[in-house]
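Here the structure comes first, spelled out in structure tokens, and everything after it is commentary.
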Amino acid sequence: QFSHRQRLKAAVHYTVGCLCMEVALEKQVQFSKQTIAAISEVTFRQCENFAKDLEMFARHAKRSTITTEDVKLLARRSNSLLKYITEKNEEIAQ
Amino acid sequence: VVEAAARGVCQAQAEDLDIVDVDQLEKVLPQL
Amino acid sequence: KDGLLSEEEFNLWDRLYRLGDSDTVKGVALPESHFPSLQEDIVTKEPATGIRQLSLSEWSVWQDHPLPTHQVDHSDRCQHFISIIQMIEGMRHEEDECSYELKLKPFLHMEDVS
């Protein structure tokens with residue numbers, strides 16, 4: 001279980017590094033390795049929070065499957081983020 | 001992730017730096 | 001009894017707690033938070049005179065460990081924040097190599113990356 005979790009973390013870390021590199025290129029600013037590590041850790045932990053919330057939302061709706069409606073609920077506190085997620089969802093659906 | 005990076009960049013630029021280090025990230029963490 | 005302040009309570013509040021035009025600080029406001037990555041069209045409003053803009057980072061020096069609680073423990077979000085601050089503290093003086101990266105490298109499988 002530890003190994004599986006570390007594998008996931010490593011994959012997230014790698015992906016975070018790639019995404020930061022994109023921003024770095026676009027903005028002509030560098031990121032230190034430690035910054036990338038910290039952003040990666042924030043992301044991984046936030047995913048755990050999201051997972052817990054999503055499970056609860058689905059359970060509250062008496063479903064055993066998490067749906068996109070549950071994901072939209074996650075974004076409820078920000079209108080702009082909710083709008084973004086909804087549009088992305090529609091793109092994917094199409 | 002992109003949001004964290006973007007905020008880090010804004011902070012670095014505000015401090016006239018070419019690099020986002022943990023000091024800059026720390027400053028944007030509360031709002032993030 | 002109806003959930004609202006009684007006259008006595010209102011007078012107490014008015015006298016001791018209410019902020020108004022006669023006070024130096026007329027009110028408080030949290031800085032607005034926006035998503036730079038969503039490229040919103042944001043017009044940053046200057047806080048009105050007398051409105052004290054609160055800072056989320058003013059006490060950051062105290063936020064590297066959980067402070068005592070009473071009856072209700074710190075939230076997951078709070079503990080998450082503290083952990084990241086502690087992590088940053090640990091990495092602050094690293095120079096070339098990143099210990100986090102070194103620890104995770106053996107677990108990286110490219111087939112896990114989308």
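Every read-out reported here was derived from the displayed coordinates using simple, explicitly stated rules and does not represent laboratory data. Nothing here was measured: the structure is a model prediction, and the numbers come from that model. No Cβ is skipped: glycine too gets one built from the backbone with ideal geometry, and neighbour counts run over all protein chains shown.
Each residue, C:Val43 and A:Glu69, gets one label point 7 Å from its Cα in the Cβ direction; the gap between the two is 3.8 nm. Derived scalar couplings between HN and Hα for the range A:74-89 equal 4, 8, 4, 7, 10, 4, 5, 5, 4, 4, 4, 5, 4, 5, 4, 4 Hz in order, rounded to whole Hz, by the Karplus curve 6.51 cos²θ - 1.76 cosθ + 1.60 (θ = phi - 60°), x for Gly and Pro. Kindly identify chain A as rounded, prolate or oblate by the Cα gyration tensor criterion: order the square roots of the eigenvalues as a ≥ b ≥ c, call it rounded if a/c is under 1.5, otherwise compare a/b with b/c, prolate if a/b is larger, else oblate. Oblate, since a/c reaches 1.5 and b/c is not below a/b.
Report, in cubic angstrom per residue, the convex hull volume of the C-alpha atoms of the range C:8-114.
Details: hull volume 27.3 nm³, N = 107.
It comes to 255 Å³ per residue, whole-number rounded.
Sorted on the mean count of surrounding Cβ atoms within 10 Å across their residues, most packed first, peptides C:11-20, A:38-47 read A:38-47, C:11-20. For the range A:1-55, the Kirkwood estimate of the hydrodynamic radius, built from every pair of different alpha carbons, is 12.1 Å. Note on chain C: dipole from Cβ charges, positive end direction compared against C:Ser22, C:Gln63, C:Asn11; the farthest Cα belongs to C:Asn11.
How would you classify the protein assembly as shown from its alpha-carbon gyration tensor, with a ≥ b ≥ c the square roots of the eigenvalues: rounded for a/c under 1.5, else prolate if a/b is greater than b/c, otherwise oblate? Numbers along the way, then the final one.
On the way: a/c = 1.77, a/b = 1.44, b/c = 1.23.
Because a/c hits 1.5 or more and a/b exceeds b/c, the protein assembly as shown counts as prolate.
To the nearest whole number, what is the average tally of beta carbon atoms from other chains within 10 Å of the beta carbons of peptide C:89-98? Please list the in-between numbers first.
On the way: counts 2, 2, 9, 5, 2, 5, 2, 1, 2, 8.
The per-residue average across the peptide is 4.
Peptide A:65-75 is shielded by partner chain Cβ atoms: per residue, an average of 0 of them sit within 10 Å of its Cβ. Backbone N atoms of the range A:1-37 closer than 20 Å to the 7 Å Cα→Cβ label point of B:Gln13 belong to residues A:19-32, A:35-36.
Taking amide hydrogens as placed 1.01 Å from N in the peptide plane, the amide H of B:Ile19 sits under 5 Å from those of A:Gln30, each at least 5 positions away in sequence or on another chain. Based on Cα contacts under 8 Å between residues 6+ apart, chain C shows a relative contact order of 17 percent. If you take the beta carbon distance between C:Lys105 and A:Cys47 as r and set R0 to 22 Å, what does 1/(1 + (r/R0)^6) give as a FRET efficiency, to the nearest 0.05? The pair C:Lys105/A:Cys47 has a calculated efficiency of 0.60. Note on C:Lys26: aspartates and glutamates with a C-alpha under 20 Å away, same-chain residues under 8 apart excluded, are C:Asp14, C:Glu46.
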